[in-house]
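Structure first, commentary second.
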Amino acid sequence: MKLQQLKYIWEVAKHDLNVSATALSLYTSQPGISKQIRLLEEELGVEVFARSGKHLTRVTPAGEAILKIAGEVLQKVESIKKVSQEYCDERKGSLSIATTHTQALYALPPAITNFIKSYPDVSLHMHQGTPMQISEMAADGNVDFAIATEALSHFSDLIMMPCYRWNRSVVVPRDHPLTQVSTLTLKDIAAHPIVTYVFGFTGRSKLDDAFSQQGLDPKVVFTAVDSDVIKTYVRLNLGVGIIASMAYDAKVDSDLVALDASHLFESSTTQLGFRKGTFLRGYMYEFISLFAPHLTPEIVKQVISCENRVQIEEIFAGQVLPEMN
């Protein structure tokens, strides 16, 4: 059994059993991958993939178990490389982050700016996607950190830490009737068409829960994953926008009014997650602290030593998280 064979089956599974696409991504030949997979299956005495002719059709039950362990082995290999890099040159390397558009545009810039100043020889890679895509990238080991509000908790392989709390604002054109309301209510908002985030994105579940608890059925006419897209369609009078408060810029969005809605919705918590067993290099601890100062290296190491999420929650129980406005 070779590490190369484990990498091949892992990558083929990631590429939806498309051997051609896998070969392209690994800069190798399709026949070479197919041959190595066959050799591995012969050595193990079981099929990792079921086939129809020359085409792979599904992962077998045995293959599911083998792939899980293969992923763990490949992660350990990557950790070994990081350990060696840390001792060779602790200020060089790479850091990959998966996050949403809102986090990338409004929450991360200060931390990234300071990080690049401190670690100019660390290459930083940003990946954007939905919370589910972000979580999957971290769980599969394709990125170092995932930063999101939704979905991370669905992946048991991720260690999660709370970074900050945030709430929502209603954005409307300056001449909109809601600007004349003294105390905004959910009923006031539900009386108008709504433009907001796609379900499962940027705290959308808290928004839906709030309306549901008051027996209101708001008319959501347009959804998007991007706060700026939402604001664009508010400007077109498609509806009132409900966005993360941090996504409103008084200068850039001067044609819009942001109405505080924090009293109407339960606040959401943005979390940073990484895969269990990940070796964190020194500059990775530094990035976490820059983004969430309360997550010191000592706290992060304490979290990593926890056996389950209940123990992690106990570490942060009663702690007042920073508010992002």
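The values are calculated or read from the model by the stated rules, or taken from the named source; none is laboratory data. As the structure is a prediction and not an experimental result, all values here were calculated from the model. Here Cβ is always computed from backbone atoms with ideal geometry, including for glycine, and neighbour counts include all displayed protein chains. Note: areas computed on protein heavy atoms with side chains; ligands, DNA, RNA excluded. Shrake-Rupley method; radii C 1.70, N 1.55, O 1.52, S 1.80 Å.
Screening VAL83 against (1) part of a strand (DSSP E or B); (2) more than 23 Å from the chain's Cα centre (by Cα); (3) among the hydrophobic types (A, V, I, L, M, F, W, C) leaves a single unmet condition, (1).
Could you grab me the full set of residues in segment 120-138 that are hydroxyl-bearing (Ser, Thr, Tyr) and surrounded by 20 or more Cβ atoms within 10 Å (Cβ to Cβ)? Matches in segment 120-138: SER135 only.
Give the residues of segment 68-90 that are among the hydroxyl-bearing types (Ser, Thr, Tyr) and open to solvent by less than 40 Å² (accessible area, probe 1.4 Å), sorted by residue number.
Hit for segment 68-90 is SER79, nothing else.
Just one of the numbered conditions (1) within 30 Å of GLU41 (Cβ to Cβ); (2) modelled with pLDDT under 90; (3) part of a helix (DSSP H, G or I) is not true of GLY141: (3).
Note on segment 171-217: residues that are outside any helix (DSSP H, G or I), open to solvent by 30 Å² or more (accessible area, probe 1.4 Å) and closer than 12 Å to ILE242 by Cα total 3. Of all residues in segment 1-32, those being free of Cβ contacts under 8 Å to residues at least 12 places away in the same chain and either buried (at least 18 other Cβ atoms within 10 Å of the Cβ) or part of a helix (DSSP H, G or I) (or both) number 7. Would you point out which residue out of SER267, SER289, SER305 is within 30 Å of PRO173 (Cα to Cα) and polar (S, T, N, Q)? Of SER267, SER289, SER305, the one residue that is within 30 Å of PRO173 (Cα to Cα) and polar (S, T, N, Q) is SER267. State which residue pairs qualify: first residue free of Cβ contacts under 8 Å to residues at least 24 places away in the same chain and inside segment 136-164, second residue of a type in the set (Ser, Thr, Tyr) and assigned to a helix (DSSP H, G or I) in any location, beta carbons under 8 Å apart, and separation of 6 or more residues or different chains. So the pair list comes out as HIS154/SER135.
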